[in-house]
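Quick notes on the structure that follows.
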Amino acid sequence: MPERIVKPRLGVWKFASCDGCQLSLLDCETQLLTLSETIDIAYFPEAASRAPRGHYDLSLVEGSITTPADEARIQTVRRRSKYLVTIGACATAGGIQALRNFADIRAFSAAVYARPAYIRTLATSSPIAAHVPVDFQLHGCPVNKHQLLEVISAFLAGRRPGIATHSLCMECKSRGHPCVLVAHGTACLGPVTQAGCGAICPGCNRGCYGCFGPQDSPNTPALSEALTALGLSRAQLQRLYRTFNADAAAFRSESERHGD
């Protein structure tokens, strides 16, 4: 009787998010089928509603921590996971919902819900790494599917993922895109944003919105100075840094520098 092969177990976990990063995994299509031959996709909310018992060799976590229940559940996920990788802006920086971190959550609840006293929520939306140890963070809103496959393959092989951390400007140059900031005077976060999207927006003559979060050495004050020279006001600068990665340290500190 042939010996049964035990595959490494993969778990994909959802917290406060839009599911876009899980969809990036589904977008792998035929590559995902190939991957399933070498790994047991034991839990994946986009494909199954129940999480089997036991431990996982690799857990991919999408979404931010926004409720007391989330705080407790992420501790359980961490205990059951050999490696834990956060995927996407929500899991790595709190996501677009982290805009609540700059306001009064009680006022928001009162404006949205008829009986806000019944709502159990935290005052902030925080990244997974603020609550448990994380082995790797994959940025993006949503994540790049090719980078996601690289991360999974790397952890299966016991090596560090080969993910670039330089600025988006490198991707623009490699694709021959003119610099929208210099050539057109368009506000662009490309110089301080991590590469990974393929420079989609600058390729369409639009400025980068910072979907992949801060690059490894962002000089945000210098960029703000250049944008001020283009005529952007303090309020416009603050708004520019407060999008998908508003609570990422480099973007948050620069947005606060231009506050009231």
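The values are calculated or read from the model by the stated rules, or taken from the named source; none is laboratory data. The structure presented is a predicted model; accordingly, all values stated were derived computationally and were not measured. Cβ coordinates were reconstructed from backbone atoms using ideal geometry, including for glycine residues, and neighbour counts include every protein chain displayed.
Looking at the stretch 196-232 only, could you name the residues that are over 15 Å from PRO142 (Cβ atoms), touching a strand residue (DSSP E or B) at 6+ places or on another chain (Cβ under 9 Å) and surrounded by 14 or more Cβ atoms within 10 Å (Cβ to Cβ)?
Looking only at the stretch 196-232, we keep the residues that are over 15 Å from PRO142 (Cβ atoms), and these are 199, 202-208, 214-232.
Narrowing the set further to residues that are touching a strand residue (DSSP E or B) at 6+ places or on another chain (Cβ under 9 Å) leaves 208, 214-218, 220.
If the condition is that a residue be over 15 Å from PRO142 (Cβ atoms), touching a strand residue (DSSP E or B) at 6+ places or on another chain (Cβ under 9 Å) and surrounded by 14 or more Cβ atoms within 10 Å (Cβ to Cβ), then CYS208, PRO214, GLN215, PRO218, THR220 are the ones that fit.
I need a count of the residues in the stretch 95-110 that are surrounded by 17 or more Cβ atoms within 10 Å (Cβ to Cβ), without any contact (Cβ under 8 Å) to a residue 60 or more places away in the chain and hydrophobic (A, V, I, L, M, F, W, C).
1
Can you spot a residue in the stretch 37-52 that is of a type outside the set (A, V, I, L, M, F, W, C), crowded, with 16+ Cβ neighbours inside 10 Å and in contact with a Ser or Thr (Cβ under 7 Å, 6 or more places away or on another chain)?
No, that holds for no residue.
Please identify the pairs in which a residue from the stretch 165-176 that is free of Cβ contacts under 8 Å to residues at least 60 places away in the same chain has its Cβ atom under 6 Å from the Cβ atom of a residue that is in a helix (DSSP H, G or I), counting only partners at least 6 apart or on another chain.
SER167/PRO191; LEU168/GLY190; CYS169/GLY190; CYS169/PRO191; CYS172/PRO202
Just checking, does the stretch 210-228 include any residue being in contact with a Leu (Cβ under 7 Å, 6 or more places away or on another chain), within 18 Å of GLN97 (Cβ to Cβ) and among the small types (Gly, Ala, Ser)?
yes
Which residues, taken from the stretch 206-236, are more than 24 Å from the chain's Cα centre (by Cα) and in a loop (DSSP other than H, G, I, E, B)?
LEU230, GLY231, LEU232, SER233
Collect the residues in the stretch 111-129 that are surrounded by fewer than 14 Cβ atoms within 10 Å (Cβ to Cβ) and not in a loop (DSSP other than H, G, I, E, B), keeping them in residue-number order.
Once the filter is applied, which keeps residues that are surrounded by fewer than 14 Cβ atoms within 10 Å (Cβ to Cβ) and not in a loop (DSSP other than H, G, I, E, B), the stretch 111-129 yields ALA111, VAL112, ALA117, TYR118.
What number of residues within the stretch 233-249 satisfy the criterion of being crowded, with 20+ Cβ neighbours inside 10 Å and either in the same structural domain as CYS90 (by TED's automatic domain parsing) or more than 14 Å from LEU99 (Cα to Cα) (or both)?
Final tally of qualifying residues: 1.
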